[in-house]
1. Would you work out the charge dipole size for the chain about its Cα centre, treating the Cβ of every Lys and Arg as +1 and the Cβ of every Asp and Glu as -1, and quote it to the nearest 20 debye?
2. Sort S224, S200 by Cβ crowding within 10 Å, fewest neighbours at the top.
3. Which of the three applies to region 45-261, rounded, prolate or oblate, going by the alpha-carbon gyration tensor with a ≥ b ≥ c and a/c under 1.5 meaning rounded?
4. How many Å³ per residue does the convex hull of the Cα positions in region 90-139 occupy?
5. Go ahead and set up a Gaussian network model of the chain, Cα springs under 10 Å, then flag whichever of S221, S157, S86 fluctuates most.
6. What order do you get for V197, V249 when you list them from fewest to most C-beta neighbours inside 10 Å?
7. What does the charge count around F108 come to, taking other residues whose C-beta lies under 9 Å from its C-beta (Lys +1, Arg +1, Asp -1, Glu -1)?
8. Using Cα pairs under 8 angstrom and six or more residues apart, how large is the relative contact order of the chain, in percent?
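Just so it is clear, none of the values below were taken in a lab; they were calculated from the coordinates. No experiment lies behind these values; they were computed from the predicted model shown. Every residue, glycine as well, gets a Cβ built from its backbone with ideal geometry; the counts of neighbours run over all protein chains shown.
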Amino acid sequence: MAARDVIPPMRSDSRKRCRARGFTLIEILVVIAILATLVSLLLPAMRGTIASARSFRCQMALRGVAFDFANFADDQLHPNRGDDASLGGGRAFRLETFVEYEYSVDEFWSWGPEETYTLPDLRGNDPLRCPEIKGNITLTRGLPCSQGAIGPPRNVSFGFNERLRRSERQLTAGGSQWVLLTSRILEGNGSVSPAQVPLSWDVDGARAVQVNSNPLFSTPSLDSPQMYANNRYWYPGMRHNGGLNVSFVDGHVASTRSPLQQGDWAWGFEPVR
């Protein structure tokens with residue numbers, strides 16, 4: 001039998017070889033441009049989300065303040081009214097004393113043997129803080145909050161209603177300017193409910209410094225002829241996308257960009273003794 005010729009497989013001399021191909025400069029620039037566009041579209045949304053989260057944390061801090069105030073004002077629930085324990089037969093207190101209780105200063109000092117204490121501390125203690133305010137707070141032993149126990153003023157987050165501390169109406173009527181609060185503040189009166197009375201809100205500490213005032217206490221002028229005239233105590237911190245967070249005596253918190261245009265907010269309310 002004749003041997004058959006074995007024909008080897010045919011090989012193409014023009015066989016294609018796979019070679020890695022890099023991006024051209026134009027393609028790289030196009031990719032960068034696309035990424036830049038995406039970032040520019042997403043960044044405002046991300047900033048808005050972060051700002052909303054900070055505003056929510058601020059509102060929670062203010063809600064905690066209002067909750068503590070309700071307990072402090074309650075004749076049965078209050079933990080300790082410090083130097084005000086005997087006022088009004090044990091049934092009255094001053095707003096300044098409550099603020100000192102919140103910061104644990106003056107007669108409520110609980111920060112150890114140091115003469116000063118810085119917040120936030122290593123344990124995370126940082127009461128009454130709006131997350132938009134970054135600077136430290138220094139507490140000083142043996143001082144009331146109206147005399148520098150809490151500072152520097154520019155780093156203070158929240159102010160308290162000055163009309164719940166000093167009353168122009170009482171002073172005009174020949175009485176003391178100093179307001180003594182009782183549990184009645186939690187009930188309101190016939191025309192104003194606790195849900196209408198602002199208790200605490202964001203303040204602009206730097207602005208308070210400019211007008212030589214204490215940011216811990218604030219109130220708008222409204223129709224004040226003297227004590228609160230010229231907005232000397234009005235320095236709202238409109239730092240949440242142009243908005244202000246406000247807590248009320250009844251415990252709820254609201255946010256607004258026009259605080260003095262809220263018709264049912266009783267900015268001018270002063271307790272009657």
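1. The dipole of the chain has a size of about 1920 debye.
2. Result, fewest neighbours first: S224, S200.
3. Rounded.
4. About 101 Å³ per residue, rounded to a whole number.
5. S86
6. So the ranking, lowest neighbour count to highest, is V197, V249.
7. Result for the local shell: -4.
8. Once divided by the residue count of the chain, the mean separation gives 19 percent.
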